[in-house]
Amino acid sequence: MTSRRLFLKSSAIGMFGVGSAPAWLSRALYAADAPSPRKKILVAIFQRGAVDGLNMVVPFGEKRYYSLRPNLAIPKPDRTENSAIDLDGFFGLHPALAPLKPIYDSGHMAIVHAVGSPDPTRSHFDAQDFMESGTPGVKSTEDGWINRHLQCASALDATPFRAVSLTPTLPRSLAGRAPAVAMNSIREFDLRPSAGARVASGFEGMYEGAVKDVLHGTGQETFDAIQFLKKSDPSRYAPSAGAEYPRGRYGDSLKQVAQLIKADVGVEVAFTEIGGWDHHAAEGGVQGQLAQRLRELGLSLAAFQKDLGDRMQDVVVVTLTEFGRTVHENGNRGTDHGHASVSLVMGGGVRGGKVQGRWPGLEERSLYEARDLAVTTDFRDLLGELLTCHLGDRDLAKVFPGYAGGPARFPGVMRG
């Protein structure tokens, strides 16, 4: 693993090839010699498409679960690869998430079931927008909840990598006045001209043509950061402790988040996403479409935790999805748009080894609109706890306008 100082110093030397090192890199290089507390980091993962939370974390203790899903239900735990992995005698992991069981058992992963948005929409577009803006039911919100957190929090030692998204475009969560960077990958991180613009020769020409589309408010320092990343040779990064990320875009994006965290370049919030959860037909049970996506998610998260090692004491990872799926399977052996789903929380300070949140049950009288798992934990209660207890946010009302919750409504996923 490249040490912080070596990483920064080698990059600073490389920067002299295109001029003097940028101010932020000089500050970081100076600080690398001085002992200082490591940043607390939040990694948000969006499962776009609305994951089936009932098959991701299976309520095998509910008899009605099996009568409602005769073809899709995951069998009760029987210690084979074709059954749920028992967590507490009532809930179990989908067998494709087996890599996460040791993390759960060690107390470093918690699960929040029946979590979601209080807004009733079943539109993917609206639900994702409401969750990423942090204002359910309000379409006029201009910025995202992560960006508002960044606006409220101190940024005296901020670098261009304070808020990073490993996505082709900046997600709604990070949109706003606070600087944030989106990159398809570290290897491809570059200035791209805006649509229809002619590619100018030289870095400055490219900068002028692309600043509004790519730099998202970070200005010249992000332009300098592009050269910094290119000189750091990210292709040579080797995960620690033999961690193996699955092949594919999602595993690769989490690996690069780990690389940036271990390089100590000032990451405070990172965002990535994994799609493919909208299974209206042929969803599958133990095997099938859902299982394939869960396998990629589980392997990626387990590799990330292993790769970071003791750095996970500074990191919390949370998964989100816009809504869940119907409790009843449909006629195409799939599930339709629902209401509540499930979130995973992993990392340092997590009160793990437990499924948190109030379980509403699957009896018809307990279902939302007689068809969906009811929301008992507002997603803002979960995120509010992470922002407060992990990142030290003191004003949730500014991060989530119109939110009337607070510590009394936190699900209890964090220690202390």
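Whenever you get a sec, line up 255, 354, 40, 139 from highest to lowest accessible area (probe 1.4 Å, protein heavy atoms).
Greatest to least solvent exposure: 139, 354, 40, 255.
Nearest 0.05, what FRET efficiency do residue 370 and residue 78 give at R0 = 41 Å with Cβ-Cβ as r?
My answer for the efficiency is 0.80.
Using the structure shown, select from 76/255; 63/354; 63/139; 139/255 the pairs with a Cα to Cα distance greater than 30 angstrom.
Violating the 30 Å limit, Cα to Cα: 76/255; 63/139; 139/255.
If DNA, RNA and ligands are ignored and the probe is 1.4 Å, what is the ranking of 365, 371, 380 by accessible area, most exposed first?
Largest to smallest exposure gives the sequence 365, 371, 380.
Using alpha carbon coordinates only, what is the Rg to Rh ratio of region 113-183, with Rh defined as the Kirkwood radius?
1.02
Amide H neighbours of residue 134 under 5 Å, counting only residues 5+ apart in sequence or on other chains, H built in-plane at 1.01 Å?
145
Under 5 Å between amide H atoms, partner at least 5 residues away or on a different chain: which partners does residue 368 have, H built in plane at 1.01 Å?
The list, which skips near neighbours in sequence, is 373, 374.
Tell me the per residue accessible area of region 62-103 using a 1.4 Å probe; a whole number in Å² is fine.
Accessible surface, normalised per residue, equals 50 Å².
In the neighborhood of residue 274, defined by Cβ-to-Cβ distances under 12 Å, what is the net charge if each Lys or Arg adds +1 and each Asp or Glu adds -1?
Every neighbour counted, the sum reads +1.
Give the accessible area for residue 249 in Å² (nearest 10); use a 1.4 Å probe, count only protein heavy atoms, and leave out ligands, DNA and RNA.
Per-residue accessible area (residue 249): approximately 110 Å².
With a Cα-only, solvent-free Debye model of region 86-152, what are the log10 I(q)/I(0) values at q = 0.21, 0.23, 0.24 Å⁻¹?
-0.86, -0.90, -0.93
Would you compute the Debye intensity of region 304-355 from its alpha-carbon atoms alone, equal scatterers and no solvent, and pass along log10 I(q)/I(0) at q = 0.16, 0.21 Å⁻¹ to two decimals?
Debye intensities relative to I(0), on a log10 scale: -0.63, -0.79.
Sequence-distant or interchain residues sharing an amide H contact under 5 Å with residue 273, placed H: which?
For residue 273, the qualifying residues are 46.
Measuring from label point to label point, each 7 Å out along Cα→Cβ, what is the residue 281 to residue 39 span in nm?
Spacing of the two 7 Å Cα→Cβ label points: 4.6 nm.
Within region 323-416, what whole-number % of the accessible surface is contributed by carbon and sulfur, with the 1.4 Å probe and all protein chains included in the calculation?
45
If the cut-off is 12 Å between C-alpha atoms, which aspartates and glutamates fall inside it for residue 306, apart from same-chain ones fewer than 8 positions away?
Here the aspartates and glutamates satisfying the reach criterion relative to residue 306 are 244.
Taking 1 over the mean of 1/r across every pair of different Cα atoms in region 272-416, what Kirkwood radius in Å do you get?
17.1
Whenever you get a sec, line up 66, 403 from highest to lowest accessible area (probe 1.4 Å, protein heavy atoms).
66, 403
Given a Förster distance of 51 Å, report the FRET efficiency between residue 363 and residue 140 from their Cβ-Cβ distance, rounded to the nearest 0.05.
0.85
The values are calculated or read from the model by the stated rules, or taken from the named source; none is laboratory data. Not measured: the values here are computed from a predicted model. Neighbour counts run over all protein chains shown; Cβ positions are idealised from the backbone, glycine included. What goes into the accessible areas is simple: the full protein's heavy atoms, side chains included, and nothing from ligands, DNA or RNA. Shrake-Rupley method; radii C 1.70, N 1.55, O 1.52, S 1.80 Å.
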